[in-house]
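Here is the structure we will look at, set down as structure tokens.
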Amino acid sequence: MQRSDYYIPAFALAIALVVKLPSLWHSRRSPMSQAIFVIIVASGGGFVFAAPPTVERVNRVTGISNVSALIVYCFLSCLSCASMVLLLHWRGGPEATVRRHTRLWIAATACVISTFCVLFSLSDVPAERPRDLDTFYATTPFIGEMIVLYLTAHAATATVVMTKCWRWSAELRAAKAGWTRWGLLTLVTAFGLGLSFAVLKFVAVAARWAGTDAWDVLSTDIAPPLAGLGALMTTVGFLIPVVGPRLESMWDAWHAYRRMEPLWRALEPWVGTGAPMRIARTSSLEMRATLRATEIADRLLNLAPHLDARHRAAAERYATARGFEHEAALVVAEAATIKAALACAPVACPPDAERPPADDTEDASGPLLIRISGTNGLAELSRHFSRIHSTDLLVDAAHSESN
């Protein structure tokens with residue numbers, strides 16, 4: 001990562017903060033929301049203040065050489081602490097235990113940051129080092145100890161979080177918690193990258209202790225990109241269980257909305273005399289899918305007098321004979337019955353046409369509303385309806401049997 005490359009992940013994190021800020025504000029009293037806010041801000045702030053142009057500007061504004069490094073260490077320590085606090089509340093448990101562990105991590109982080117400040121104030125670091133401060137001052141009193149403390153705390157936190165996330169994801173393997181498990185596995189990778197960052201820095205610093213700068217490339221060129229990717233994946237990992245279910249719900253609603261279209265359009269002549277329902281253009285996909293399902297149900301009620309129960313029963317037997325499972329055969333039978341009703345009503349079947357005897361005809365709308373309901377059910381009905389509509393094989397066979 002060169003001079004301005006640090007701003008790229010910072011910009012991505014800023015976008016994530018803007019997208020997430022409204023929901024974080026509404027739940028601002030929640031410890032999890034507070035932790036997510038700190039994670040995003042600390043990650044972005046760490047990249048901004050680690051960028052060489054920012055380092056140079058901060059040094060000029062404050063008049064303190066390399067003070068930006070201290071700011072970066074504080075930001076990343078807050079990131080590690082917030083990640084652990086979020087994981088504690090995410091995992092749950094006895095409230096008193098979670099609160100006690102949270103306070104311990106916050107107190108430990110406060111002690112580490114205070115120690116950073118003391119060691120930095122005691123050190124003598126006159127040469128500005130925007131990219132290689134860790135290795136350049138590895139053997140300098142006080143600042144060298146600050147670097148070691150930072151890397152140790154970072155590696156320890158990354159190891160603890162990575163281990164906890166891995167164990168929890170293993171527990172969820174058999175449970176239906178896909179988004180949570182994927183979030184945990186992403187965090188395992190993210191903190192694994194963070195641990196790799198600390199290890200590479202340690203190797204470069206240890207080489208300096210041994211009197212060689214041959215390993216500085218590990219600290220200046222290889223470790224920073226790992227930290228950047230790890231910070232982004234940390235934010236993504238914590239957002240996956242929150243954003244994932246919402247995206248899945250939107251996708252399911254859109255998929256159901258599209259699948260209901262063939263039946264919805266076929267039933268347009270049966271819309272009735274009532275005023276059509278309207279929704280705002282900004283309405284959610286779930287609302288649009290619900291409205292379409294409601295319109296289909298209303299139109300089917302208008303078509304109900306033309307639905308032949310004997311045709312339904314014959315179509316169900318025919319679908320079962322073709323290898324459909326029981327539930328699928330019911331849906332196929334309803335689709336075939338609707339198709340047949342649309343084909344003959346109202347022109348082909350005049351009002352005085354012979355109808356099935358009353359005692360042989362059940363309420364045609366009843367089984368439909370009981371067996372098939374909701375957006376997903378009507379979407380499946382529409383899918384089978386569109387297939388039958390294109391071939392007419394099932395309808396014709398069932399019609400022949402019912403006659």
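What follows draws every value from the coordinates through simple rules; no lab data is involved. Because the structure is a prediction, the values reported are computed rather than measured. Please note: Cβ atoms are built from the backbone with ideal geometry, for glycine as well, and neighbour counts cover all protein chains shown.
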Once the convex hull of the alpha carbons of region 173-303 is built, what does its volume come to per residue, in cubic angstrom?
147 Å³
At 7 Å along the Cα-to-beta-carbon direction for both residue 100 and residue 62, put a label point, then send me their distance in nm to one decimal.
3.7 nm
Relative contact order for region 179-250 using alpha-carbon pairs under 8 Å, separation at least 6, rounded to a whole percent?
52 percent
Taking only the alpha-carbon atoms of region 1-54, what semi-axes of the equivalent ellipsoid follow from 5 times the gyration tensor eigenvalues under a square root, in whole Å, largest first?
26, 10, 6
Tell me, how many Å apart are the Cα centres for region 145-168 and for region 291-314?
62 Å
Which whole-Hz ³J(HN,Hα) couplings does region 67-80 yield from phi under the Karplus relation 6.51 cos²θ - 1.76 cosθ + 1.60, θ = phi - 60°, glycine and proline marked x?
5, 4, 4, 4, 4, 4, 4, 5, 4, 5, 5, 5, 4, 4
Subtract the Cα-Cα distance of residue 124 and residue 149 from 0.36 nm times their separation in residues, and report this length gain in nm to one decimal.
7.3 nm
Helix axis angle, 31-50 relative to the chain longest principal axis, alpha carbon, degrees:
50 degrees
Over all directions, average the projected area of the Cα convex hull of the chain and note it in nm².
28.2 nm²
Using a simple spin-label model with points 7 Å from Cα along the Cα→Cβ vector, what separation in nm is obtained for residue 206 and residue 110?
3.5 nm
Sites residue 254 and residue 167 - FRET efficiency at Förster radius 41 Å, r taken between beta-carbons, to 0.05
0.70
Percent relative contact order of region 161-318, based on C-alpha pairs within less than 8 angstrom and at least six residues apart?
21 percent
